[in-house]
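Student: My questions all concern the structure below.
The values are calculated or read from the model by the stated rules, or taken from the named source; none is laboratory data. Computed from a prediction, not measured in an experiment: that's the story for all the values here. So basically every Cβ, Gly included, is an ideal-geometry build from the backbone, and we count neighbours across all protein chains shown.
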Amino acid sequence: MNLFPISAQINSRGHLEIGGCDATALARAFGTPLYIYDDAHLRARARALHNAFATRWRDALVLYATKAYYSPYLARIFKDAGLGIDVTSEGELEIARRVGLAPEKIYLHGNNKTPAEIRAALALGVAHIIVDNLDEIDLLAQIADELDARPQVLLRLAPAIDPHTHRYLATGVAESKFGLPMLTGAAITAARRVMQHSRLLLVGLHVHIGSQIFDLDPYRDALRAVCDFAAELRDAVGFDLRELDLGGGWGVAYTADQTTLDIETVAETITREITNYQLPITKLLFEPGRALVAQSAIALYTVGSIKEISGVRTYVAVDGGMGDNIRPALYGARYSARVANRMNDAPAQRVAIAGRFCEQGDVLIENVDLPRVQVGDLIAIPDAGAYQIPMASNYNLIPRPAVIAVRAGDARIIRRRETIEDMLRCESDF
């Protein structure tokens, strides 16, 4: 059960239980596919990440990476825990505004920020902008002039660090679409350009080398590269590094052969390493997304059919798939699974969990050992809290699933199940 949320257990009926709620009862009440978030897990995890860094650095701010999944429900939990956020869109900004998050705790990201996004952020009072490319510097300065704003700029660097993860998850390599390449001189050119604009205040550097990283060595390499560059900037243009944002990407276990990167170890290692560099860093920032929410939720599906191909494999088809979880098809993400209504039954067969969408690649799990599965059984897939609902689609015109939160025996909807009418509302038949 170590991949499941902290409140998960097997109850006296042999059913999976989360937040004091029987998964089979939740399926009857809310239908499937269903995403179930453990409220206690989310709150405990947010406090743990905040405290890990706040107790080791006087001015440390954990920014939740909203792309992992953002909603008013999550926004309020993380606000209460003292966290900030990083945002990349007006939609994410609007949620932050509605829950009253302080603008100084919002940092605007994006490799191709639109003028509308920049205006919305500055109008809201967001001061911190992470500059990703040379083209946006003049645009930012122009809009700052229009709004009489004075943005505080961090440069996102591409330090050519290999994080040893899937190539779609590696964002700090030399060929990444993100950041200002250090090897080409673009990063130092950006620093000079920012400092030429009286409206822009260069305060920091940012680096995010990728996601699902289980080894601390790439972080040490990135820190060394960024601090060396900061020293170069100090000598070249007189820049003193005040804010250092080291991103996130800490690995989370999705299968039994993986081990989640320990946050206390991450915090201790990074803060200790920084003290080795003679730089005037006052504020440290970190941007965990998956590390905050992945293990807080499960996806619950109903088995609709079983197809045995003799000598080849057995497909267990469920009522969800790549429409609510594109990760396996997109970059080969691996998952585990249990039969939620028969948790005590021993494994008896190796199967593939197939989705219902019209793609051969719609397979959530290629191989998993389960009890003898029957039509109507409930399949629970843990670690469903990150990059599933926010990347969901209406492929095949299938509505996206409901999301609920559970705590102390109570369950409430935090995102209602989409309807056909919802999907067709934006259409026009001329």
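Student: Here are some residues: 205, 223, 241. Which one is in a loop (DSSP other than H, G, I, E, B) and without any contact (Cβ under 8 Å) to a residue 60 or more places away in the chain?
Tutor: Answer to the check: 241.
Student: Still on this structure, please answer the following. Quick check on my filter: what residues within the stretch 249-274 are in contact with a Phe, Trp or Tyr (Cβ under 9 Å, 6 or more places away or on another chain) and part of a helix (DSSP H, G or I)?
Tutor: Passing the criteria: 263, 266, 267, 269, 270, 271, 273, 274.
Student: Just checking, which of 25, 8 is over 16 Å from the mean Cα position of the chain (by Cα) and without any contact (Cβ under 8 Å) to a residue 12 or more places away in the chain?
Tutor: When all the criteria are applied, what remains is 25.
Student: Residue under question is residue 178, and the condition is that it be at pLDDT 90 or above and under 21 Å from the mean Cα position of the chain (by Cα); does it hold?
Tutor: no
Student: Do the conditions hold for residue 284, that is, is it in contact with a strand residue (DSSP E or B) (Cβ under 9 Å, 6 or more places away or on another chain) and outside the structural domain of residue 379 (by TED's automatic domain parsing)?
Tutor: Spelling it out, residue 284 is indeed in contact with a strand residue (DSSP E or B) (Cβ under 9 Å, 6 or more places away or on another chain) and outside the structural domain of residue 379 (by TED's automatic domain parsing).
Student: Looking for whichever is touching a helix residue (DSSP H, G or I) at 6+ places or on another chain (Cβ under 8 Å) and among the basic types (Lys, Arg) here; the options are 156, 119. Which one fits?
Tutor: The unique qualifying residue is 119.
Student: From 34, 63, 49, grab the single residue that is out of contact with any His (no Cβ under 9 Å at 6 or more places or on another chain), closer than 30 Å to residue 321 by Cβ and not small (Gly, Ala, Ser).
Tutor: Answer to the selection: 34.
Student: Under 8 Å by Cβ, and 6 or more places apart or on different chains, what pairs join a residue from the stretch 403-430 that is free of Cβ contacts under 8 Å to residues at least 40 places away in the same chain and in the same structural domain as residue 24 (by TED's automatic domain parsing) with one that is assigned to a loop (DSSP other than H, G, I, E, B) and among the charged types (D, E, K, R)?
Tutor: Sorted first by the residue in the stretch 403-430, then by its partner, the pairs are 418/400.
Student: Do we find that residue 108 is touching an Asp or Glu at 6+ places or on another chain (Cβ under 9 Å) and not basic (Lys, Arg) in this structure?
Tutor: yes
Student: Next question. Give the residue that is farthest from residue 7 (Cα to Cα), with candidates limited to residues of the stretch 346-404 that are touching a helix residue (DSSP H, G or I) at 6+ places or on another chain (Cβ under 7 Å) and of a type in the set (Phe, Trp, Tyr).
Tutor: 357
Student: Could you list all residues from the stretch 196-227 that are out of contact with any Leu (no Cβ under 9 Å at 6 or more places or on another chain) and charged (D, E, K, R)?
Tutor: If the condition is that a residue be out of contact with any Leu (no Cβ under 9 Å at 6 or more places or on another chain) and charged (D, E, K, R), then 217, 220, 221, 224 are the ones that fit.
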